[in-house]
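These notes are about the structure you will find just below.
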Amino acid sequence: MGYNYHYSITVSNTVPLFSLLLLITNVPSAQSYTFGLVGKSRDDINFIDAWRGCDEVARAQGDECIFIAYKGEANVRNQVAAIKNALNNHSIDALAISVTDSIYLAMALAEIKQPADSNPKCIKV
């Protein structure tokens, strides 16, 4: 049996800022997951490399990792738009976000609802 750990880092008690689902398992699972890796820019090689690593590990487990970012300079408004676009067009189980502007991002994403069955462990920052 695999173990699932879901962590959320929050700015307040209700605003998820960074959510990361960590799966620790070597046992095949019938359920596959889609992870979203949110970079500050699609042009930054560091985020491209991080996505390649995420994608490689996800595929080995039968999961998927998608890269979420816009081209060009890092911009919090573009980052929010990319996140909202990805959430509207994909069924994403967990997001890892490289935060550009934590307060703006938290406020802009405050209306996004977590699934009712999620029970994250929260770490306040």
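Quick note: the coordinates plus some simple rules give every number you see, no bench work behind them. Predicted, not measured: the structure shown is a model, and the values here were computed from it. As a convention, Cβ positions derive from the backbone with ideal geometry for all residues, glycine included, and neighbour counts pool all protein chains shown.
Give me the one-decimal nm value for the distance between modelled label points at ILE48 and ASN88, 7 Å along each residue's Cα-to-Cβ direction.
Spacing of the two 7 Å Cα→Cβ label points: 2.8 nm.
Enumerate the aspartates and glutamates that LYS71 could reach by cross-link, defined here as Cα to Cα under 14 Å, with residues fewer than 8 away along the same chain left out.
ASP43, ASP44
Can you list the residues, at least 5 places off or on another chain, whose amide H is less than 5 Å from the amide H of ILE97, using H built in the peptide plane?
Result for ILE97 returns SER19, VAL38.
Please compute the modelled spin-label separation between SER32 and ARG59, points set 7 Å along Cα→Cβ, answer in nm with one decimal.
Distance between label points: 1.2 nm.
What does the charge count around LEU105 come to, taking other residues whose C-beta lies under 15 Å from its C-beta (Lys +1, Arg +1, Asp -1, Glu -1)?
Around LEU105, the surrounding residues sum to +1.
Which of LYS113, LYS40 comes first, and how do the rest follow, when ranked by fewest Cβ neighbours within 10 Å?
LYS113, LYS40
Around GLY36, what is the net charge, scoring Lys/Arg as +1 and Asp/Glu as -1 over all other residues with Cβ under 13 Å from its Cβ?
-3
Where does each of ASP55, ASP43, ASP93, ASP49 land when they are ranked from fewest to most other beta-carbon atoms within 10 angstrom?
In increasing order of surrounding Cβ atoms, one gets ASP49, ASP43, ASP55, ASP93.
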